[in-house]
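Student: Submitted below is the structure of interest, expressed as structure tokens.
Please treat every number below as a calculation from the coordinates, not as lab data. These figures come from a predicted structure and were not determined experimentally. No Cβ is skipped: glycine too gets one built from the backbone with ideal geometry, and neighbour counts run over all protein chains shown.
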């Protein structure tokens, strides 16, 4: 069963320190209050918005993988428990939702939190409102929005003689009920409610430009940039510190030079860096002793992995197109056809094949033109390319130094 051994135990760690999942508001392997790094200005700005406004809405924006969910979870974790109510897990918006779905899932998140948190006594909330809330949560689970429910029929847990009729649901009726619920939470002692909606990047761009959508935001967006290289190294150091197995000395599994190398390769994108590190360790053959990842091991491991995953599966022409896309940053079928001197329809077959194996993706569209870019993992080939260039440069320098030694002054 050695194939299922946890390699991180060799480093004195509970689990993989390069995980990309957001830090949780409650639970998780690492306390978010201890492991969060940087963004002091943005944190203070969001805290002020929560504290100083009766009602406020703001978008937290940034590239995919920059840490938006963890950022909002950290701010929510800093909210005083007895002052503001906030739900346990972020509400993940789905593309098929309408207004009714949006409110129902918000109510469901609030209900789940009331039921699970030990510091909230449901008895202090109006019994009728709590019963209606439970029925609405059942609707979320059943995906049935237009029936009258009898609590004795669905087994709500309040007794077969208790009947509460829920009329056909409308946006207005749900809004009224939501406001009633907020008033109940304020009666319990909360100053307000903090709601966190995730996954908003799925909303199509034209809809974001509708004036009504823009006008409901009470603040300009909070823009998250990539962490600095120093902050990234601090983040990883903290993860190693807090994932340490009790009674063991943890071993740092890498040299800092590889963090710098990956930071430069991905322009600081946190998710791509962490995914690359995870892959490197998963692919590395580790015996019963810890291997410290350095630049040479990283480049060899990721380059070989990339070759196995993609180059061994595609033709020479597809390889040619793939590396053209890699070196171009973004490019269309028309531009690929011109560069490779081939028919556009033939190039379409090639890019479709590369899309099928997830070697490339569509970055954006302009009219009918699609702009392709490589999957972040394809950039591992650039590490090998850089290594060869550095090797040639070092060889040239060595030759020049030797020539200087034998030349007369």
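Student: Taking the alpha-carbon centroid of each part, what is the distance from the stretch 5-38 to the stretch 67-120 in angstrom?
Tutor: Taking the Cα centre of the stretch 67-120 as reference, the centre of the stretch 5-38 is 22 Å away.
Student: Find how much the distance from residue 6 to residue 89 grows on full extension, using 0.36 nm per residue of separation minus their present alpha carbon separation; answer in nm with one decimal.
Tutor: Here the segment from residue 6 to residue 89 would lengthen by 27.1 nm.
Student: Taking the Cβ-Cβ separation of residue 182 and residue 282 as r and a Förster radius of 45 Å, what is the calculated FRET efficiency to the nearest 0.05? Walk me through the intermediate numbers first.
Tutor: On the way: r = 46 Å, r/R0 = 1.03.
The computed FRET efficiency comes out at 0.45.
Student: If you don't mind, there's one more thing I want to ask. Between residue 59 and residue 200, what length in nm is gained on full extension when 0.36 nm per residue of separation is reduced by their alpha carbon distance?
Tutor: Gain in length upon complete extension: 49.9 nm.
Student: Would you mind computing, in nm to one decimal, how far apart the modelled labels at residue 128 and residue 358 are, each placed 7 Å from Cα along Cα→Cβ?
Tutor: According to this spin-label approximation, the distance is 5.2 nm.
Student: Follow-up question, since we're still on this one. For the pair residue 327 and residue 34, how long in nm is the line joining their label points, each one 7 Å along Cα→Cβ?
Tutor: The two pseudo-label positions are separated by 4.9 nm.
Student: Still on this structure, please answer the following. Quickly rank 378-385, 345-352, 113-120 as a protection proxy: mean count of other C-beta atoms within 10 Å, highest first.
Tutor: 378-385, 345-352, 113-120
Student: Rounded to the nearest 0.05, what FRET efficiency do residue 342 and residue 384 have when you use their Cβ-Cβ distance and R0 = 22 Å?
Tutor: Details: r = 26 Å, r/R0 = 1.20.
So the FRET efficiency works out to roughly 0.25.
Student: Residues of the stretch 325-368 with backbone nitrogen within less than 17 Å of a virtual label 7 Å along the Cα-to-Cβ line of residue 316, please, listed as ranges.
Tutor: Under 17 Å, as judged by backbone N against the label point of residue 316, lie 340-342 of the stretch 325-368.
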